[in-house]
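The values are calculated or read from the model by the stated rules, or taken from the named source; none is laboratory data. Treat the numbers as computed from the prediction; the structure is a model and nothing was measured. Reconstructed Cβ throughout: ideal geometry from the backbone, glycine too, with neighbour counts over all protein chains shown.
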Amino acid sequence: MTVKVEVIEGGVPHQKILIAGLLLALIGLYLSYLDVIAGTQMFAFFGGLAAIAALIWGSHTIKVLASYGIGTGVPSLGMIAFGSGVIAYLFASKFGIAAPIVAIIIAAIVGLILGYLANNVVSMHIPVMIKSLTELAVVGALTLMGYSAMMTGSFSFTPSSPVLFSLTTGSVKVLGMAVPSYQYSFIGGALIATLFLLSAIAIQHPFNACLGPGWKQDRMLMLTAECGFLTMMLAAIMSVALVSVGAALLSFIIGLIGWIYTYSKYICLSKRDAAAWLDMKPIPELEGH
């Protein structure tokens, strides 16, 4: 029998956050596809914004699931989100413009299977387990797809535009000739592994940092956005190896502006919530204890 130990009160309902996160992530991914259509790399930053939208949704999903008393499992939820999401992301990347939709479908299937195993084989018996792991798998797939679009200009294995990089193969010049190089790519160069870890931290850290009796939804989600923009800045720096300096710089500047705004807002919200506890008296000691 599972008992919910913490209730989410007030704030935006989770279902609205789910819908907004899903739609904004899809819109951002398809806006990044303008790179393929226009043969440029300057729309790549939309991929980073799509990833941040997915992270905010996923962070609240972790809050919903962790409300059933699995607080010590929060870091593992970040890992399972991207461990399952990466499967859907890699499989869907070969479907071109349909890749985001295919990723959602495959991730949902993987998440459903993992949720069923967790509840019925591992016997966790948490009411929202199947739904939450399904959501987290989709979030993981969309986040990785978004950051990959930002770092390469495309979320396809083999983009049709000659100015965009394949996820698996780049090229280097040897004696003036372009030679294929698997290391010079998002997957071959292990950039996907770095983004895997950075994104997993970004999705699980906010709830861990904000949990407790003073938890507030807006403060946690603001911290998620801040972590997402910080990850976007780091991804922009790494993307210099794969996209033009101009595209990388644009992504970095947008990430920096977003990070400054969300960080300052998070500090204000933290001061607000900290001040609300200043007048609280210590917990009284019971006689004889």
Exercise. In the stretch 48-89, how many residues are farther than 13 Å from ALA141 by Cβ and either in a helix (DSSP H, G or I) or in contact (Cβ under 8 Å) with a residue 60 or more places away in the chain (or both)?
Worked result: 25
Problem set entry | Contacts under 8 angstrom Cβ, first residue in the stretch 201-217 being charged (D, E, K, R), partner modelled with pLDDT under 90 and in a helix (DSSP H, G or I), 6 or more apart | LYS216/CYS210; LYS216/ASP273
Exercise. Is there a residue being of a type outside the set (Ser, Thr, Tyr), surrounded by fewer than 24 Cβ atoms within 10 Å (Cβ to Cβ) and outside any helix (DSSP H, G or I) anywhere in the stretch 94-102?
Worked result: no
Exercise. In the stretch 200-209, which residue that is surrounded by fewer than 24 Cβ atoms within 10 Å (Cβ to Cβ) and of a type outside the set (S, T, N, Q) is nearest to GLY47 (Cα to Cα)?
Worked result: ALA200
Exercise. Within the stretch 4-35, restricting attention to residues that are more than 24 Å from VAL102 (Cβ to Cβ), out of contact with any Gly (no Cβ under 7 Å at 6 or more places or on another chain) and among the aliphatic types (A, V, I, L, M), which residue is modelled with the highest pLDDT?
Worked result: VAL12
